[in-house]
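Everything below concerns the one structure shown next.
The values are calculated or read from the model by the stated rules, or taken from the named source; none is laboratory data. These numbers were taken from a predicted model, which means no experiment stands behind them. Ideal geometry is used to build each Cβ from the backbone, glycine not excepted, and the neighbour counts take in all protein chains shown. Each accessible area value is taken on the protein alone, full model and side chains, heavy atoms only, with ligands, DNA and RNA left out. Shrake-Rupley method; radii C 1.70, N 1.55, O 1.52, S 1.80 Å.
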Amino acid sequence: MADSTDYQRLRTAVGGEPLPLALVDFDAFDANLDLLLAAVRQHDKRLRLASKSIRSVPLLRRATERGGDRVVGLMAYTVPEAAFLVEHGFHDIFIAY
C-alpha cells in the first residue's frame, strides 16, 4: 500500500506533465503478472489476456512477452479493437462480445 511519501514522489515525478496521464509501477505490474503466471503453470493451463483490462499496447506487449508460451493470445472487446491489435503485431485474438 502506498503511503504519503510514495504519493509525493509520484506527484513530483509527473508535476509538469499535462493531465490526464497514466502512471504504471512496472515492479507491481510484473509481480501481479508473475502471480497469475505461477497459477497458470501450476494447473498446466494457458492464458489469454483481456485487452479490455490492459488498454495499452506497450503493456500488452510486455505481458505477452513476459508470459512466453503460457500466453496464447488476446481477448478483444470489438472487431475494430481486434483489427487495431493485429495492426500492432498481435495474433490469436478472440473477440468476446
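For the range 33-74, how many residues are open to solvent by 100 Å² or more (accessible area, probe 1.4 Å), part of a helix (DSSP H, G or I) and closer than 28 Å to residue 6 by Cα?
The qualifying residues number 2.
Hey, can you tell me all the residues within the range 9-32 that are of a type outside the set (Gly, Ala, Ser) and either in a helix (DSSP H, G or I) or surrounded by 11 or more Cβ atoms within 10 Å (Cβ to Cβ) (or both)?
Answer for the range 9-32, where residues must be of a type outside the set (Gly, Ala, Ser) and either in a helix (DSSP H, G or I) or surrounded by 11 or more Cβ atoms within 10 Å (Cβ to Cβ) (or both): 9, 10, 11, 12, 14, 24, 25, 26, 27, 29, 30, 32.
Going by what's in this entry, would residue 6 be described as out of contact with any strand residue (DSSP E or B) (no Cβ under 7 Å at 6 or more places or on another chain), open to solvent by less than 40 Å² (accessible area, probe 1.4 Å) and not β-branched (Val, Ile, Thr)?
no
Is there any pair linking a residue in the range 75-97 that is open to solvent by less than 40 Å² (accessible area, probe 1.4 Å) to one that is of a type in the set (S, T, N, Q) and assigned to a loop (DSSP other than H, G, I, E, B), with Cβ under 7 Å and at least six apart or on different chains, and which?
Every condition considered, the pairs that remain are 76/51; 81/51; 85/51.
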